[in-house]
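Undergrad: Please see the structure below; I have some questions.
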Amino acid sequence: MVKIEPITFTDADSDLAILQELHRSNGPYTTTSYYVVSASATPNSSDGNTSVPQSLTFQLSLKHNLPQKTGGNRIPDRTELELYKTFLSHSVSFKAIAADNSSKIVAMIVASIELWNKTVKVWEFIVDRRHQRSGIGQNLLDAVIRTACAKEIDRVVCETQNNNYPALQFYFKNGFSLDAVDTSFYHANDLERQDVAVFMKLKVRGKESEENETAVITSEKVPLSIDDCVNEICPNSGKPVSADSLTVYKGRIVGFCNSLCRDEFDNALAVFDTAISAKF
Ligand SMILES: CC(C)(COP(=O)(O)OP(=O)(O)OC[C@H]1O[C@@H](n2cnc3c(N)ncnc32)[C@H](O)[C@@H]1OP(=O)(O)O)[C@@H](O)C(=O)NCCC(=O)NCCS
């Protein structure tokens, strides 16, 4: 059982040091299944401009029982941690805390908001190896999606690798699609090494989401407008509901008097979700 809580400025230094520790203790992953990536170009002979290819093809083919591959697990350095700290005001970074006496942080998701294209970008997403496959990653991602929807965000993007098969399975299970490939994101020879950056995207709301029902998280489809809020009074304080403190519950918009009340409710839901998935 875990509690999901936002990562705040107050604990940023100690929390981000734990992020490094999670990477260290998890170590690299191994896999015998991955998407083999290839890229090719057909020369343009028709208009005499041979330097501009006629067509470009990137292909990803999922293959199993390949020779074992070890995937990297880079530990973020001090510069990256400083950058992550600047994201904390966006309130889309969360930690999972063991709900036992240890109160240990067992997982984290660090994300930023890019307002110009209404995208949440996930920079770090890691669950302690001993706690994987118990729904914690799911709960952290749900917390990000819930916050993203409340902030009128359209898409969540996660960078991973063609060979991180567990992560790819996780993202596909959560309705993400493989949306972009960068064949030299890490090193000039990523393609030869078959360690290629791929970008998994989830459309969480908006017009594009309505057109593509399969990519939508069902309970997050309704736009968060106070006009659609089912209650007028905050259940905690008895004060009127505020337009910036709405969330989704059972597919309906519910409201609170302020974002603290709303976030407490969201956190409680995440804890209950974890408890239910652990027991049933
Ligand atoms: C990817 C990661 C964050 C997933 O977190 P998690 O807590 O283990 O995932 P969950 O338990 O919430 O899994 C939810 C679903 O995702 C899928 N899934 C997750 N891990 C999987 C795996 N190893 N193999 C197959 N499916 C997997 C399953 O469908 C799972 O549901 P199920 O257990 O009911 O079958 C975790 O494996 C991790 O930290 N990996 C190392 C770091 C990393 O690669 N992070 C991603 C950065 S790109």
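The values are calculated or read from the model by the stated rules, or taken from the named source; none is laboratory data. All figures in this text were calculated on a predicted structure; none of them were measured in a lab. Cβ atoms come from the backbone with ideal geometry, glycine included; neighbour counts cover every protein chain shown.
Undergrad: Among the numbered criteria (1) closer than 24 Å to His90 by Cα; (2) not in a strand (DSSP E or B), which one does Pro67 miss?
TA: Answer for Pro67: the failing condition is (1).
Undergrad: Would you check which residues across region 132-160 are among the hydroxyl-bearing types (Ser, Thr, Tyr) and surrounded by 21 or more Cβ atoms within 10 Å (Cβ to Cβ) and list them?
TA: Thr147, Thr160 - these are the residues of region 132-160 that are among the hydroxyl-bearing types (Ser, Thr, Tyr) and surrounded by 21 or more Cβ atoms within 10 Å (Cβ to Cβ).
Undergrad: A further question on this structure: Take Ser91 and decide whether it is within 28 Å of Thr10 (Cα to Cα), surrounded by 14 or more Cβ atoms within 10 Å (Cβ to Cβ) and among the hydroxyl-bearing types (Ser, Thr, Tyr).
TA: Taking the combined requirement at face value, the residue satisfies it.
Undergrad: In region 159-208, which residue that is near the ligand (Cβ under 10 Å from one of its atoms) and in a loop (DSSP other than H, G, I, E, B) is modelled with the highest pLDDT?
TA: Across region 159-208, the extreme among qualifying residues is Asn164.
Undergrad: Within the set of pairs 6 or more residues apart or between chains, which connect a residue that is surrounded by fewer than 10 Cβ atoms within 10 Å (Cβ to Cβ) inside region 41-70 to a residue that is among the β-branched types (Val, Ile, Thr) and part of a loop (DSSP other than H, G, I, E, B) with Cβ atoms less than 9 Å apart?
TA: Partner pairs satisfying both residue conditions: His64/Thr32; Asn65/Thr32; Pro67/Thr32; Gln68/Thr32.
Undergrad: Can you find a residue in region 3-12 that is free of Cβ contacts under 8 Å to residues at least 12 places away in the same chain, loosely packed, with under 11 Cβ neighbours inside 10 Å and within 30 Å of Leu269 (Cα to Cα)?
TA: yes
Undergrad: Restricting to region 131-158, name every residue that is more than 12 Å from the ligand (Cβ to nearest atom) and either more than 10 Å from the chain's Cα centre (by Cα) or part of a strand (DSSP E or B) (or both).
TA: Passing the criteria: Arg146, Thr147, Ala148, Cys149, Ala150, Lys151, Glu152, Ile153, Asp154, Arg155, Val156.
Undergrad: If you don't mind, another one. Take region 97-122 and flag every residue that is surrounded by fewer than 17 Cβ atoms within 10 Å (Cβ to Cβ) and within 12 Å of the ligand (Cβ to nearest atom).
TA: Correct list: empty.
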